[in-house]
Amino acid sequence: MTAIQALRYSPAGVAILDASGRVDEQVSEAGAARQVQFEMTLRFTEALAIQASRLPLGSLLQLEGFIAPIRMHARSMRMHVQDMKIIEGN
């Protein structure tokens, strides 16, 4: 993660943490190596929000979730994290 906002709670009492992360990896496309680099907004909820709020900036994570618009009809997207694995040795 490259930036973390303060942990907050929804009116229903759900923990929410918004952050940003950087993707920097090499993938294969049509048999050729391709470098992929971009920034993405992340949203963690419930127990994952609390766990992510305790991580230091720069932590390497493997994330699973889905991508959706930030708001209805918005062009900006955000990843809603549903599972997180901390990669050791970073």
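The values are calculated or read from the model by the stated rules, or taken from the named source; none is laboratory data. Computed from a prediction, not measured in an experiment: that's the story for all the values here. Don't worry about glycine lacking a Cβ; one is built from the backbone with ideal geometry, like all the others, and counts go over all protein chains shown. For accessibility, only protein heavy atoms count, side chains too; no ligands or nucleic acids. Shrake-Rupley method; radii C 1.70, N 1.55, O 1.52, S 1.80 Å.
DSSP loop trypsin sites (Lys or Arg not before Pro) in the chain with at most 12 other Cβ atoms within 10 Å of their Cβ, which ones?
Qualifying residues, ordered by number: 54, 71, 75.
Just to confirm, what accessible area per residue do you get for the stretch 3-90 at 1.4 Å probe, in whole Å²?
In whole numbers, the stretch 3-90 has 71 Å² accessible per residue.
When the dipole is taken about the Cα centre of the chain, and only Lys, Arg (+1) and Asp, Glu (-1) are charged at their Cβ, what size is it in debye, to the nearest 20?
On the way: 9 positive and 9 negative charges, 72 e Å.
The calculated dipole for the chain is roughly 340 debye.
For the pair residue 32 and residue 72, what calculated FRET efficiency results from E = 1/(1 + (r/R0)^6), where r is the Cβ-Cβ distance and R0 = 22 Å, to the nearest 0.05? Can you show the working numbers first?
On the way: r = 38 Å, r/R0 = 1.72.
It comes to 0.05.
So, taking all protein chains as they sit and a 1.4 Å probe, how much accessible area belongs to residue 83, in Å² rounded to tens?
Its heavy atoms expose roughly 80 Å² to the probe.
For the stretch 42-54, just list the computed ³J(HN,Hα) in residue order, Karplus coefficients 6.51, -1.76 and 1.60, θ = phi - 60°, integers in Hz, with x standing in for Gly and Pro.
Ordered by residue, 3J(HN,Hα) equals 10, 10, 10, 10, 6, 4, 5, 5, 5, 5, 5, 5, 8 Hz.
Work the Kirkwood hydrodynamic radius out for the chain: mean of 1/r over every pair of different alpha-carbon atoms, inverted, in Å. Don't jump to the answer; show the numbers that get you there.
Numbers: mean 1/r = 0.0704 Å⁻¹.
The answer is 14.2 Å.
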